[in-house]
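The values are calculated or read from the model by the stated rules, or taken from the named source; none is laboratory data. Owing to the predicted nature of the structure, the values given are computational and were not obtained by experimental measurement. Note that we place each Cβ from the backbone using ideal geometry, even for glycine, and neighbour counts take in every protein chain shown. Note: areas computed on protein heavy atoms with side chains; ligands, DNA, RNA excluded. Shrake-Rupley method; radii C 1.70, N 1.55, O 1.52, S 1.80 Å.
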Amino acid sequence: MLGEAILKGLAVTAKNFALSYVSRARLVTIQYPEERQPLPEATRQFPFLVYDGDDPHAGLRCVACQICEKECPPQCIYIVKSKDKKPDHTGKPQFYPAIFDIDLSVCMSCQICVEVCPFDAIKMDTEFELSTTDRFHGLLVHKEQLAKSNAYYHKIHPTEAAAVDARLAAERARADAKAKPAPPTPPQKPAPAPTPA
Amino acid sequence: MTSPTSTAALGQRSGVVERVSKPGGEGEWLEVSMGPQHPSTHGVFRMDVVLDGERVVRLKPVFGYLHRNHEKIAEGTTYLGSMPYTDRLDYFCSMTNNWAYALAVEKLAGLHVPERAEYLRVILAELTRLQNHASLCGFLLQDMGAMGTPLMYAFREREKILDLFEAISGARMMCNFMRFGGCRCDAPPGWLDAARRVVDGFPAFLDEFEALLSENEIIMARTQGVGVLPRELAINAGVTGPMLRASGVNYDIRKVDRYGIYDRFEFKIPLGEHGDTYDRYMIRILEMRESVKILQQALRDIPPGPVMDPKAKLRGLRPKPGEAYARIEAPKGELGFYLISDGGPNPYRYRVRPPSFINLTVLEDMCRGHTVADVVVILGSVDIVLGEVDR
């Protein structure tokens with residue numbers, strides 16, 4: 001019969017419509033700003049810099065080695081290395097970034113900076129509501145806004161952050177073990193930061 | 001008809017519509033510019049169509065509006081740095097783009113992919129095929145006037161697959177997941193079970209989708225016998241993928257090359273008979289059913305183990321001087337990457353063989369003699385993504 005398949009198709013639509021009143025599985029959308037979907041742990045949006053402890057400046061893990069700046073495919077990171085040094089988490093004096101800017105309008109959230117960072121200093125945030133009304137200054141994110149605490153990192157990526165903490169603790173234990181048996185050896189040389197550009 | 005008749009050469013005109021004198025006959029042809037903002041052109045794509053009444057006489061595809069210098073950028077950046085850019089070629093299928101590029105670099109650098117990573121790649125590529133074909137069928141039906149409904153059904157299903165992508169790679173579309181010598185990370189706990197649930201639910205969606213419109217009388221009238229691509233022409237023009245198989249040519253790189261571990265799975269290659277738009281639509285539905293079979297086998301057999309070649313390093317890859325071409329069966333056809341290394345940190349030459357760009361070259365032959373409304377449907381059945389066509 002001509003039109004049979006049309007009626008069959010309409011029956012599918014009608015069934016979906018009617019059942020959407022009884023079955024939650026058929027209602028696939030949510031009312032976004034009020035309701036929110038839980039994000040998977042792996043979600044990545046925009047990088048941030050991790051600091052340990054309470055002070056964003058003293059605890060910043062970044063040593064301004066500039067590897068991420070070099071590897072970033074769209075070249076959205078800008079780093080200026082400090083003149084002086086501050087102790088890092090193992091107690092070694094290290095450089096720190098005097099300026100660390102990321103251009104939000106250029107970043108493509110590819111996570112390569114996170115993968116290449118040897119210090120676990122840069123990680124991906126899950127915050128996705130990043131729009132701004134100021135397109136000149138609002139889109140250039142500075143070190144002060146980028147620095148977020150390790151506690152925050154634990155909140156958004158619990159498994160990954162626990163693994164990173166374990167790795168850093170092991171590193172610190174190794175550094176302590178190395179430092180203790182031979183205290184009178186020549187005063188420790190400042191470890192050369194991975195070669196800057 | 002107005003006079004005087006314009007004899008301006010094709011392509012040199014200011015308006016959208018130009019009158020062209022008909023060679024050796026009464027009346028005149030109209031040259032119409034369709035796109036790039038026409039809603040049926042699937043992105044920023046333009047067609048110069050010369051019409052005799054409502055019939056197409058000539059058709060010239062015009063593209064390049066989305067040209068982003070992909071190949072040249074890749075020659076200036078490291079091998080790793082090009083990986084996220086490949087996501088943006090065919091932005092529906094970033095996983096298969098990643099795979100094709102990773103395969104080319106692995107050939108060049110002589111890296112081996114661990115077992116589990118091979119399985120993960122197959123699973124992700126077939127999931128990509130499912131969501132690409134599902135949304136293509138939705139878009140195609142939308143082009144024919146089934147506004148919204150089939151597309152939303154397809155997107156509902158695609159959403160589940162994109163959620164899987166987000167859980168494993170962190171991003172829904174720009175996955176940037178594969179690395180030279182494996183995958184970036186292992187699947188998070190519970191991911192494989194979630195994937196199994198999605199795959200097991202997929203045939204029910206296909207049945208529903210087919211009940212919705214596959215046998216619809218209007219769809220059949222609009223697509224059967226429309227835009228026939230003859231077998232010989234398809235082969236000569238280098239058409240690949242579902243379009244070629246709809247014309248009855250048994251050519252699937254998963255079977256021909258057996259790249260990765262595709263030789264371990266049992267699946268069939270669906271073939272069309274007529275090469276018309278309806279065949280191209282049905283071939284995709286049938287391919288999705290075969291992909292479900294591959295996925296079920298892969299999800300059953302996936303072994304534990306590492307996902308990266310221990311020899312592979314993330315930074316500072318400098319392959320020995322040489323060249324490599326790797327191709328895979330992407331959802332749209334043969335996707336190939338050709339790389340020449342001069343021993344430096346970035347490729348000396350980087351070339352993409354995009355499937356939808358080459359499939360587009362037969363558009364005029366398929367459209368000639370059909371009406372403007374059919375052009376929309378035929379273009380929809382080619383399955384183009386302008387990110388890949390223009391690069």
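Quick notes on this structure:
- Legend: mean number of C-beta atoms from other chains within 10 angstrom of residue C-beta atoms, peptide A:101-112, equals 3.
- Helix B:94-109 and the longest principal axis of the Cα set of chain B meet at an angle near 60°.
- Simple Cβ-charge dipole of region B:112-213, Lys/Arg +1 and Asp/Glu -1, about Cα centre, in debye nearest 20: 360
- Cα gyration tensor shape for region B:176-232, rounded if a/c is under 1.5, else prolate or oblate: oblate
- Accessible surface of region B:18-107, 1.4 Å probe: 55 percent of it comes from carbon and sulfur atoms.
- Cβ-Cβ distance of A:Y152 and A:A173, R₀ of 30 Å, FRET efficiency by 1/(1 + (r/R0)^6): the value works out to about 0.75.
- Distances between placed amide hydrogens fall under 5 Å for B:R179 paired with B:R184, all partners being 5 or more residues away or on another chain.
- Inter-probe distance in nm under a simple model that places probes 7 Å from Cα toward Cβ, at A:T29 and A:A11: 2.8
- Backbone geometry of region A:4-12 corresponds, through the Karplus equation with coefficients 6.51, -1.76 and 1.60 at θ = phi - 60°, to 3J(HN,Hα) couplings of 5, 5, 5, 5, 4, x, 5, 5, 4 Hz, x marking Gly and Pro.
- Surface composition of region B:151-289: carbon and sulfur make up 55 percent of the accessible area, probe 1.4 Å.
- Shape of the protein assembly as shown, Cα gyration tensor, a/c cut at 1.5: prolate
- Simple rule: put +1 on each Lys or Arg Cβ and -1 on each Asp or Glu Cβ in the protein assembly as shown, find the dipole, and look at B:L363, B:S169, B:I253; the Cα lying farthest toward the positive end is B:S169.
- Region A:12-79, dipole about Cα centre (Lys/Arg Cβ +1, Asp/Glu Cβ -1), debye to the nearest 20: 620
- Computed from backbone phi, the HN-Hα couplings of region B:162-175 come to 5, 4, 5, 4, 5, 5, 8, 10, x, 9, 7, 10, 8, 5 Hz, rounded to whole numbers (Karplus: 6.51 cos²θ - 1.76 cosθ + 1.60, θ = phi - 60°; Gly and Pro given as x).
- Cross-link reach list, aspartates and glutamates versus B:K60, counting only Cα pairs under 17 Å and skipping chain neighbours closer than eight places: B:E18, B:E31, B:D48, B:D52, B:E364, B:D365, B:D374, B:D390
- Take each residue of peptide A:18-31, count the partner chain Cβ atoms within 10 Å of its Cβ, and average: the result is 1.
- Site-free segments of chain A were taken between chymotrypsin sites (Phe, Trp or Tyr not before Pro) in DSSP loops having at most 13 other Cβ atoms within 10 Å, sites themselves excluded; the longest one is A:22-127.
- Environment charge at A:H157 (Cβ cut-off 9 Å; Lys +1, Arg +1, Asp -1, Glu -1): 0
- The modelled label-to-label distance between B:K22 and B:K313, using points 7 Å beyond Cα along the C-beta direction, is 7.1 nm.
- Comparing each chain alone with all protein chains together (probe 1.4 Å, DNA, RNA and ligands left out), the residues of region B:83-131 losing at least 40 Å² of accessible area are B:P84, B:Y85, B:R88.
- As a calculated quantity, the FRET efficiency between A:K83 and A:D103 at R0 = 30 Å, using C-beta atoms, amounts to about 0.75.
- Calculated FRET efficiency, A:A18 to B:M220, Cβ-Cβ distance, R0 = 30 Å: about 0.65 to the nearest 0.05.
- Solvent-accessible area lost on pairing A with B (1.4 Å probe, both sides summed) amounts to about 2400 Å².
- Sorted from longest to shortest, the spans of the Cα atoms of region A:29-109 along the three principal axes equal 53, 30, 18 Å.
- Cα gyration tensor, region B:51-207 - rounded (a/c under 1.5), prolate or oblate: oblate
- Karplus (6.51, -1.76, 1.60) ³J(HN,Hα), θ = phi - 60°, over region B:368-383, in Hz, Gly and Pro reported as x: 4, x, 9, 7, 4, 4, 6, 4, 4, 5, 5, 4, x, 7, 6, 6
- Calculated mean residue ellipticity at 222 nm for chain B: -13500 deg cm²/dmol, from DSSP H runs with n ≥ 4 weighted as -39500 (n - 2.57), summed, divided by the residue count and rounded to 500.
- Shielding by partners, peptide A:33-40 (average Cβ within 10 angstrom, other chains): 2
- Accessible area of chain A belonging to carbon and sulfur atoms, whole % at 1.4 Å probe: 61
- For chain B, the per residue solvent-accessible surface stands at 38 Å², with DNA, RNA and ligands left out and a 1.4 Å probe.
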